[in-house]
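Since every read-out is calculated from the coordinates, none of them should be taken as a lab result. In this text the structure is predicted, and so the values were computed from the model without any measurement. Cβ placement follows ideal geometry from the backbone for every residue including glycine, while neighbour counts extend to all protein chains displayed.
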Amino acid sequence: MTHILLTADLPKGLPSGAPGTDRSLVADQSWNLLAGDIPLPAATLSRTALSHNMALRT
């Protein structure tokens, strides 16, 4: 059985009133931290820093 986690199950860090959606579709929402779409405080990940750190583990 596959469990699909919906954003409605994880309201912290999501825009107020955000509709429940599959996690894989969050990027399609075009939410922008700098535009104020995401409530603060919010954590972000740098793709280049994450890739660098992952490369160090191999």
Could you list all residues from segment 43-55 that are exposed (fewer than 10 other Cβ atoms within 10 Å of the Cβ) and of a type outside the set (S, T, N, Q)?
Ala43, Leu45, Arg47, Ala49, Met54, Ala55
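Of all residues in segment 42-58, how many are assigned to a loop (DSSP other than H, G, I, E, B) and closer than 21 Å to Ala27 by Cβ?
Going through segment 42-58, the residues assigned to a loop (DSSP other than H, G, I, E, B) turn out to be 42-46, 58.
Among the residues that remain, those that are also closer than 21 Å to Ala27 by Cβ are: 42-46.
Adding up the residues that qualify gives 5.
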Long-range neighbours under 6 Å by Cβ, at least six apart or interchain, first residue free of Cβ contacts under 8 Å to residues at least 60 places away in the same chain within segment 32-51, second among the aromatic types (Phe, Trp, Tyr) and assigned to a loop (DSSP other than H, G, I, E, B):
Asp37/Trp31; Ile38/Trp31
